[in-house]
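Have a look at the structure below, then the notes.
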Amino acid sequence: MTKNLLLKLTLAAVLAAGAAPCRAAGPQAAGKNRAQFALTFDDGPGYITEDLLKLLESRKAKATFFMLGTAVRAKPATAKKAQDAGHLIANHTDSHKNWFKLGKGPDRERTLAAEIRKGEEAIVKATGVKPAILRMPNGYDRPWVRETAKKLGYRTANWSYGSDWTRTAEDAMTREYLKATRAGAVLLLHDGGGKNRERTLRITAAILDEAARLGLEPVRLDVLLAGPAPGN
Ligand SMILES: [Zn+2]
């Protein structure tokens with residue numbers, strides 16, 4: 001096994017390692033030799049997404065948007081703008097159901113497949129591109145979820161740090177995000193599905209400042225997962 005492949009597999013394991021919904025998925029086991037990290041935004045498109053796209057463009061940053069089918073149907077033009085700007089559009093299912101509950105049901109595979117397909121349909125209709133990465137609502141991760149996702153052409157990916165759904169004060173929250181900004185990191189913020197999403201714009205701007213200071217490049221999640229170019 002090559003070193004690059006090992007790094008890739010380790011990072012994939014970290015990403016898919018079943019993060020509890022409200023805390024980090026685990027240590028930064030990989031990617032430390034690479035000056036890249038990934039910004040990921042969930043639950044959109046939302047009312048701040050177009051401003052977020054402007055911010056990312058002004059900093060020449062690429063990001064990944066885990067979109068909900070329900071949100072894409074409400075703002076298809078915004079989804080298309082994100083796609084056209086070169087960001088990665090990924091699937092966050094159609095309607096953000098509670099899988100901690102549904103996952104106990106007898107019909108869970110069929111229900112999940114329908115949720116993935118419906119989200120995908122909305123994304124394909126709006127952007128013309130079929131997503132290939134799935135993040136489950138609340139980071140719900142089980143072997144049967146990965147299997148179901150795989151059958152539909154997806155890999156699953158969680159995050160290394162995120163906290164914008166907690167009650168932490170914004171200045172403390174921002175500091176935590178900055179601390180987590182490092183090579184190989186997958187940061188999670190929300191651009192849809194809630195109030196005070198302007199905070200996402202402020203924290204993202206602070207993260208991008210910190211990344212510039214550290215010489216880190218914000219890249220799409222598929223780029224981060226692909227690992228360094230051969231020979232690096
Ligand atoms: Zn979500």
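Every residue in segment 99-135 that is touching a residue at least 40 places away in the same chain (Cβ under 8 Å) and polar (S, T, N, Q), please.
THR127
To keep it simple, each residue is scored yes or no on (1) modelled with pLDDT of 95 or more; (2) loosely packed, with under 15 Cβ neighbours inside 10 Å; (3) part of a helix (DSSP H, G or I).
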| residue | (1), (2), (3) |
| --- | --- |
| GLU121 | yes, no, yes |
| ASN138 | yes, no, yes |
| TRP144 | yes, yes, yes |
| TRP159 | yes, no, no |
| ARG202 | yes, yes, yes |
| LEU208 | yes, no, yes |
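One residue is enough: does segment 91-101 have a residue meeting the conditions within 13 Å of the ligand (Cβ to nearest atom), under 20 Å from LEU221 (Cα atoms), not basic (Lys, Arg) and not in a strand (DSSP E or B)?
yes
Out of all the residues in segment 147-156, is one or more surrounded by fewer than 21 Cβ atoms within 10 Å (Cβ to Cβ), of a type in the set (S, T, N, Q) and away from the ligand (no atom under 16 Å from the Cβ)?
There is no residue in segment 147-156 that is surrounded by fewer than 21 Cβ atoms within 10 Å (Cβ to Cβ), of a type in the set (S, T, N, Q) and away from the ligand (no atom under 16 Å from the Cβ).
Go through (1) crowded, with 18+ Cβ neighbours inside 10 Å; (2) in a helix (DSSP H, G or I); (3) away from the ligand (no atom under 16 Å from the Cβ) for ALA183 and report which single condition fails.
Looking at each condition in turn, ALA183 falls short on (2).
Please state which one of ARG155, ARG202, ARG197 is in contact with a His (Cβ under 8 Å, 6 or more places away or on another chain), under 26 Å from LYS80 (Cα atoms) and of a type outside the set (S, T, N, Q).
Result of the check over ARG155, ARG202, ARG197: ARG197.
If you go through segment 62-72 one residue at a time, do you hit one that is farther than 28 Å from TRP144 by Cα and either surrounded by fewer than 24 Cβ atoms within 10 Å (Cβ to Cβ) or at pLDDT below 95 (or both)?
yes
So ALA169 clears everything in (1) in contact (Cβ under 8 Å) with a residue 12 or more places away in the chain; (2) over 15 Å from the mean Cα position of the chain (by Cα) except one condition, right? Which one?
The one condition ALA169 does not meet is (1).
The values are calculated or read from the model by the stated rules, or taken from the named source; none is laboratory data. The model shown is predicted, which means the values in this text are computed figures rather than measured ones. Every residue, glycine as well, gets a Cβ built from its backbone with ideal geometry; the counts of neighbours run over all protein chains shown.
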